[in-house]
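The values are calculated or read from the model by the stated rules, or taken from the named source; none is laboratory data. These numbers come from a predicted model, not from an experiment. With ideal geometry, Cβ positions are generated from the backbone for all residues, glycine too; neighbour counts draw on all protein chains shown.
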């Protein structure tokens, strides 16, 4: 192709739009071996700051590695602590992310280098 392809079309915008400024909670579970800088949850949080006042936004991140029984207990405590802390928050919208690797065959999530669990098992909070 010698020249750029020409695309014809019309750009349209709505005659009226609204921005939802309700409180927002971005909740990110991330596997210990993955860097969170530049992750989609972090980018979403920073992007939404242009639309929602900073006092109405919360970004919480729980780094997890549940390779041992002690780490599973620690994860449970971390989840319960954060739920307790956030129970007084008035977030009207919650976006939850889980960032890790998944098993090639089952699709289950790695909770440590050699162990997998379902999404429900990773994200649920149980009293310890």
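General observations
- In the stretch 53-76, residue farthest from residue 121 (Cα to Cα) [restricted to those that are free of Cβ contacts under 8 Å to residues at least 40 places away in the same chain and in contact with a strand residue (DSSP E or B) (Cβ under 6 Å, 6 or more places away or on another chain)]: 57
- Inclusion of residue 111 among residues that are under 14 Å from residue 64 (Cα atoms), in contact with a strand residue (DSSP E or B) (Cβ under 7 Å, 6 or more places away or on another chain) and in a helix (DSSP H, G or I) is not warranted.
- Residue 45 meets the conditions (1) farther than 13 Å from residue 29 by Cα; (2) surrounded by 16 or more Cβ atoms within 10 Å (Cβ to Cβ); (3) in contact (Cβ under 8 Å) with a residue 24 or more places away in the chain in every case but one. The failed one is (3).
- Of the residues making up the stretch 21-42, those that are touching a residue at least 40 places away in the same chain (Cβ under 8 Å) and loosely packed, with under 10 Cβ neighbours inside 10 Å number 0.
Okay, residues lined up against (1) under 30 Å from residue 19 (Cα atoms); (2) in contact with a helix residue (DSSP H, G or I) (Cβ under 7 Å, 6 or more places away or on another chain):
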| site | (1), (2) |
| --- | --- |
| 42 | yes, no |
| 46 | yes, no |
| 57 | yes, yes |
| 70 | no, no |
| 75 | no, no |
| 87 | yes, no |
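- Residue 125 vs. criteria modelled with pLDDT under 85, in contact with a helix residue (DSSP H, G or I) (Cβ under 6 Å, 6 or more places away or on another chain), surrounded by 11 or more Cβ atoms within 10 Å (Cβ to Cβ) and in a loop (DSSP other than H, G, I, E, B): yes
- Condition broken by residue 80, with the remaining ones in (1) within 22 Å of residue 24 (Cα to Cα); (2) touching a strand residue (DSSP E or B) at 6+ places or on another chain (Cβ under 9 Å); (3) surrounded by 12 or more Cβ atoms within 10 Å (Cβ to Cβ) satisfied: (2)
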